[in-house]
Amino acid sequence: MGETLKLAVPTMGAADLASERSGHFGHCDCFTIVDIEDGEIKGTSALANPPHEEGGCLRPVGLLADAGVDAIVAAGMGMRPMMGFNDAGITVYFENQTPNVGEVAKLVAAGSVPIMGAENACNHHH
């Protein structure tokens, strides 16, 4: 058994490696869940992102935690959800250059994406 990682990528439209990434995880249509094993992408699944009415910006935290996700890659995120993910044991990776779901998943798989720190969190709403 190698090292496995379940990575959530906020996605516009359908969950797919070919899809465009959502810049803001709270407003994404869904999450593409990418199964990474030993640095290789083994498969994907889709996780819908329900509307924000229930639970506000912390709603996706519970959603992803329940789905067994280990990490999420985001181009930006507020402090509260970031803390929420940290509390849930979900690693938040920060990457704001790569618009494609599959490409950014490959970067994370290769270990070339930094973990988001407080200095990268947005303190404002877009």
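The values are calculated or read from the model by the stated rules, or taken from the named source; none is laboratory data. Everything numeric here is computed off the predicted structure, so don't read it as measured data. Quick note on the areas: whole protein, heavy atoms, side chains included, nothing else; ligands and nucleic acids left out. Shrake-Rupley method; radii C 1.70, N 1.55, O 1.52, S 1.80 Å.
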| note | Residue ranges of DSSP H helices in the chain that stretch 24 Å or more (Cα, own long axis) and have mean Kyte-Doolittle hydropathy of at least 1.0 are none
| said: Let me check something: with ligands and nucleic acids excluded, how do Ser45, Ser112 order by accessible area (1.4 Å probe), largest to smallest? | reply: Ser112, Ser45
| task | Normalising by the residue count of segment 66-126, find the relative contact order in percent from Cα pairs under 8 Å and 6+ residues apart. | result | 41
| remark: Kirkwood Rh for segment 1-47 from C-alpha pairs, in Å, is 10.8
| remark: Expected unfolding gain across Glu3-Asn120 under the 0.36 nm per residue rule, minus the alpha-carbon gap, is 39.4 nm
| query | When only C-alpha pairs under 8 Å and at least 6 residues apart count, what is the relative contact order of segment 1-103, in percent? | reply | 31
| said: Could you work out the percent of alpha carbon pairs in the chain separated by over 21 Å, rounded to a whole number? | reply: 30
| message | Just to compare against my own numbers: the Cα pair-distance distribution for segment 58-126, 10 Å bins, whole % per bin, please. | response | 21, 52, 27, 0
